[in-house]
1. For every helix of n ≥ 4 consecutive DSSP H residues, a contribution of -39,500 (n - 2.57) applies; sum these over the chain, divide by its total residues, and give [θ] at 222 nm rounded to the nearest 500 deg cm²/dmol.
2. At 0.36 nm per residue, minus the direct Cα-Cα distance, what do residue 148 and residue 258 gain on full extension? Give it in nm, one decimal, please.
3. With the crude spin-label approximation of a point 7 Å out along Cα→Cβ, what separation in nm comes out for residue 232 versus residue 40?
4. Say each of residue 285 and residue 116 gets a label point 7 Å from the Cα, pointing the same way as Cα to Cβ; how far apart are those two points in nm?
5. Please list, by residue number, everything in segment 283-297 whose backbone N is under 17 Å from a paramagnetic label point 7 Å out along Cα→Cβ of residue 216.
6. Suppose a student asked you for the relative contact order of the chain, using Cα pairs under 8 Å spaced at least 6 residues apart; what percent would you report?
7. Using only Cα positions of the chain, each an equal point scatterer, no hydration layer, compute I(q)/I(0) via Debye at q = 0.12, 0.15 Å⁻¹ and quote the log10 values to two decimals.
8. Hey, with R₀ at 41 Å, roughly what FRET efficiency would residue 155 and residue 225 work out to, going by the Cβ-Cβ distance, to 0.05?
Ligand code: HEM
C-alpha cells in the first residue's frame, strides 16, 4: 500500500528530469575522486584528515524513538529502547585548523547501532539548505573558490560568473552570512537536507526531511562577542556541557506534501509543512581530542535501516562514493605515518 504523499516523489523526480532536459545542468559529470581533489584544491591536503568536516570531535550517547516515529517507520530505531549512538561534531570544510568562529556550517554526524547488527548513518549540517542542487555543480563550485596565487583570494570574476549561472548555490552562503556563529555545538540546529522515505509496518510511505533541534535553544554569538573569543572553544564547551547532562536534541521529521522537491537540497520545503518530534538524542560522552573512535568511520548517508529508504536525490546518491575516496586517502595516510 502506498501513502498518498508518495505522489510528491513522482512529481519531484519529474521536475528534476525536466530541468536536466532543458540544459540547466551545465558542468560535466565528475568522478568521486575529482570531487575530493577539488576539496583538496580549496582546503589543502592534510594527511590523515577528512577532506570535509576535517576539524571535529567524536562523542557518544543514545537515542530514544517514540510512537510518532513508530507510526511513520518500522525501523527499530523508533522502538523506544535506548539505542547507542556514536556522534561526530565538526566544522565545515577540509581545514583541520579552522577557527570555531568561522561563518561556515557546523556538522553533526551519527551512527545508530541498532539491534541485530543493523546500523543507520547520517551527516547533518547547521543550515536549512545545501550549497549545490546537483552533484555536477560540486567541482565547479569548489574550483570557483580556489585561491588565485597572485592575490591569495578566489578570483572575484570567476566566482561571480559561477554564482550568476548557478544562483541556487548561493543560498547556503546567504543563510550563513546572516546567521550568528553557534555559541556551542549543543546550541546549533542541524538539518539532514536530503529527503528520505519512511515506510511503516503497514507498508505506508511518507517522504521526510529531518532536523535536530537543540534542547539548549539555538544560541549564537554576535560579531561583538566573537571578537573576545579564542579560535578553539567548541571542544571544551561540548565536554563541559556533556558532563553536566546538557547536550540533547529533539529529532523532528518534516513531512513532505505533494509538489515538494525530493531531489534538490538547495530548496527548503515551506515552513508550513507539518514537523513532528520522533525521538530524542542525548550526547553524554565526548572524547579528549580530535581522532579516536570516529577515525575509521565515514558517515555514509546511504547506510539505512529497514523501514527508511533513500530518495532519488542525486546529491544524496553522490555522497557515499566521495566519502569512500576521502576515507581511503586519510586511512592510507594514517597507516603510512605509523
Ligand atoms: C555531492 C555532495 C557531497 C560531497 C561530494 C561530499 C563530500 C564529503 C567528503 C569527501 C567528506 C569527508 C568524508 C570522510 O572522510 O569520512 C564529507 C563529510 C561530511 N559531509 Fe559531505 N558531501 C556531500 C554532500 C553533503 C550533504 C548534502 C551534507 C549535509 C546534509 C553533508 C555533510 C557532511 C558532514 C557533516 C561531513 C562530516 C562527516 C564527519 O563528521 O565525519 N555532505 N563530505
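Nothing in this text is a laboratory measurement; each read-out follows from the coordinates by a stated rule. These numbers come from a predicted model, not from an experiment. Neighbour counts are summed over all protein chains in view; Cβ atoms, including those assigned to glycine, are modelled from backbone coordinates with ideal geometry.
1. Using -39500 (n - 2.57) per qualifying helix, the result is -8500 deg cm²/dmol.
2. Length gained, residue 148 through residue 258: 35.1 nm.
3. So the two model labels end up 2.6 nm from each other.
4. 2.6
5. The answer is 283-289, whose backbone nitrogens lie closer than 17 Å to the label point.
6. Averaging sequence separation for qualifying contacts and normalising by length gives 26 percent for the chain.
7. The computed values of log10 I(q)/I(0) come out as -0.88, -1.41.
8. It comes to 0.80.
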